[in-house]
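Contents: one structure, followed by commentary.
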Amino acid sequence: MSRCCVFSLLALEDPLLGETLAMDVRIADQRATLADFLEELDAFAARHLADCRGCDACCQERAPLIAADVPALASLLPASPFPAHQVCAAFARISVDENGAADIILKRNSGNACDFLDPKGRLCREHPSRPFVCRSHFCLPRSGRIGRLRESIVNHGENELTRLLLAEEAIGAASLTPRPLAQLLDPADYQESPQRDRRRYRDILIKDNVSAELWSALTERAD
C-alpha cells in the first residue's frame, strides 16, 4: 500500500551538533491528512527511534493547543455543551498579548513542566489524549520543511480554537479570561481558517494548511 507521508532520515548540518541525522517528510498524496501524517510518523519512530519513556525533556517545552486536540482531551471530562471551554478550563492557560493575539497552551505545574507529567515516573499521564504538538514531536532534529509544516498547522489550529472559544462565549459559556475574549480580541480576525469546523485530525488536509511555496517543498524529493 502506498504511503501518502513518506518519512526518512536526512543528513543535516546542525549549528550545535555538527553533521547529524534529522527526520524529513515528503508528502506523496495531495489528499494527505494530519491523521496520515501522525500515523506514519509513529510508524517511522517505531522503526528508527529508541523508546523514550522515562525521558521528560519535551514535557518542559511550551505546548500550544489546536482545535482538533479538543475531542481527545474532552473525552477525559464529563460531557459539556461547551467542549472548547471545558477543555481549556481544565487543561490550558490562555493569554492575550498587547497586540491582541491569543496564546493557548497546556498548563504548567509548579516545576514549570507540563501539568500532564507524572514527575515520579517521568511519563505523560494522558499520553493517548496528548495534543498534536506532542504527537508530532520526537527527540530527533527535524528538517526545515517539517518544522514549517508543524508551525503552520499549530498557527491555524490555535486560531480555530480561539474562534471556538469566542463562539462558545457568544452563546453563554463563562469567560476563561479576566474580561470576555470578545473584549480582548477582534472576532473578525478569527473567522477564516483552513481548519474551520475540522474537528478531527483526519478532517484536516495538509495541503490546505500550508502556503503554495511550502506545499511545493513538501512534495519534492530530498536530494
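The values are calculated or read from the model by the stated rules, or taken from the named source; none is laboratory data. Computed from a prediction, not measured in an experiment: that's the story for all the values here. No Cβ is skipped: glycine too gets one built from the backbone with ideal geometry, and neighbour counts run over all protein chains shown.
Here's the yes/no breakdown for (1) acidic (Asp, Glu); (2) buried (at least 19 other Cβ atoms within 10 Å of the Cβ):
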residue: Val25; (1), (2): no, yes
residue: Asp29; (1), (2): yes, no
residue: Asp36; (1), (2): yes, yes
residue: Leu49; (1), (2): no, no
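Just give me the residues in region 174-223 being of a type in the set (A, V, I, L, M, F, W, C), modelled with pLDDT of 95 or more, more than 20 Å from Asp69 (Cα to Cα) and in a loop (DSSP other than H, G, I, E, B), in sequence order. Correct list: Ala174 only. Pro81: under 17 Å from the mean Cα position of the chain (by Cα) and either over 22 Å from Asp197 (Cβ atoms) or assigned to a loop (DSSP other than H, G, I, E, B) (or both), yes or no? When the stated conditions are applied, Pro81 does not pass them.
Any residue at all in region 66-85 that's at pLDDT 95 or above, under 28 Å from Ala22 (Cβ atoms), in contact with a helix residue (DSSP H, G or I) (Cβ under 8 Å, 6 or more places away or on another chain) and among the hydroxyl-bearing types (Ser, Thr, Tyr)? There is no residue in region 66-85 that is at pLDDT 95 or above, under 28 Å from Ala22 (Cβ atoms), in contact with a helix residue (DSSP H, G or I) (Cβ under 8 Å, 6 or more places away or on another chain) and among the hydroxyl-bearing types (Ser, Thr, Tyr).
Report, by residue number, each residue of region 183-208 that is without any contact (Cβ under 8 Å) to a residue 60 or more places away in the chain and surrounded by 14 or more Cβ atoms within 10 Å (Cβ to Cβ). Explain how you work it out, then say what you get.
Initially, region 183-208 is screened for residues without any contact (Cβ under 8 Å) to a residue 60 or more places away in the chain, giving 183, 187-188, 190-194, 196-197, 208.
Within region 183-208, Pro187, Tyr190, Ser193, Pro194, Arg196, Asp208 meet the criteria.
If we scan region 51-72, do we find a residue that is surrounded by fewer than 16 Cβ atoms within 10 Å (Cβ to Cβ), more than 23 Å from Arg148 (Cα to Cα) and of a type in the set (A, V, I, L, M)? No; the residues of region 51-72 include none that is surrounded by fewer than 16 Cβ atoms within 10 Å (Cβ to Cβ), more than 23 Å from Arg148 (Cα to Cα) and of a type in the set (A, V, I, L, M). Candidates in region 104-131 are the residues that are outside any loop (DSSP other than H, G, I, E, B) and out of contact with any Asp or Glu (no Cβ under 7 Å at 6 or more places or on another chain); of these, the one that is surrounded by the most Cβ atoms within 10 Å (Cβ to Cβ) is Cys114.
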